[in-house]
Amino acid sequence: MIHLQRVQAITKEQSRIIAKWYNDPEIAPKIHVNRKEEPLPYMDNETLFEQMNKSATNKHVLLAFDDEKLIGDCSVDMQFMMLGKEEEDTAWISICIGDKDYWGNGTGKLMMAQLEDFCWSLGAKRIELGVFELNTAARRFYEKCQYHPFKTFPNFTFYDGRWWDDYRMEKVRPIADPTQNKA
């Protein structure tokens, strides 16, 4: 069963698995900003372990599991400093399905639903995310999840000999219809 689990700290073994994903040439350019016209730097286990275990009061790390198997990671930042639209109660999210056996089979939809529920439980009224121009599959996925583009940051990340834009997308918390609860 696919589930997200909020963690206070990741283990060394989890760090090793996540670092493998973050260095995968098929995944890394889609999730890491590259501000230099050179290959992405290697993400070693120790640096990742330290970064993911930094104490930040408004950033939450969630790991995705299929039963006990680690398959991905997510984060929620309630005070992200680089929002495309400054609005109170905005959750900045990131999501990565690192285990490729879980690509294209509905896992992302399950993870996104749980991640959104977590954001709403924190009091978010809006969720924002960024997706690089080169990541067309993720853009289509977010659109299917009812995220709407609202801003473009041109020439945001470098990969494969060129600069790519960053598209900001948002979803506003749906307001419950009180007529739906009447018996």
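The values are calculated or read from the model by the stated rules, or taken from the named source; none is laboratory data. Since the structure is predicted, the reported quantities are computational estimates derived from the model, not experimental observations. As a convention, Cβ positions derive from the backbone with ideal geometry for all residues, glycine included, and neighbour counts pool all protein chains shown. Just so you know, the surface numbers come from the protein's heavy atoms only, side chains and all, with ligands and any DNA or RNA stripped out. Shrake-Rupley method; radii C 1.70, N 1.55, O 1.52, S 1.80 Å.
Figure legend. Inter-residue proximity from segment 58-71: first residues free of Cβ contacts under 8 Å to residues at least 60 places away in the same chain, second residues open to solvent by less than 90 Å² (accessible area, probe 1.4 Å) and aromatic (Phe, Trp, Tyr), beta-carbon distance below 7 Å, spacing 6+ or different chains. Indicated pairs: 62/118.
When each of 26, 46 is tested for being at pLDDT 95 or above and open to solvent by 60 Å² or more (accessible area, probe 1.4 Å), the lone residue that passes is 26.
May I ask you to list the residues in segment 130-183 that are among the small types (Gly, Ala, Ser), surrounded by fewer than 17 Cβ atoms within 10 Å (Cβ to Cβ) and modelled with pLDDT of 95 or more? Passing the criteria: 137, 161.
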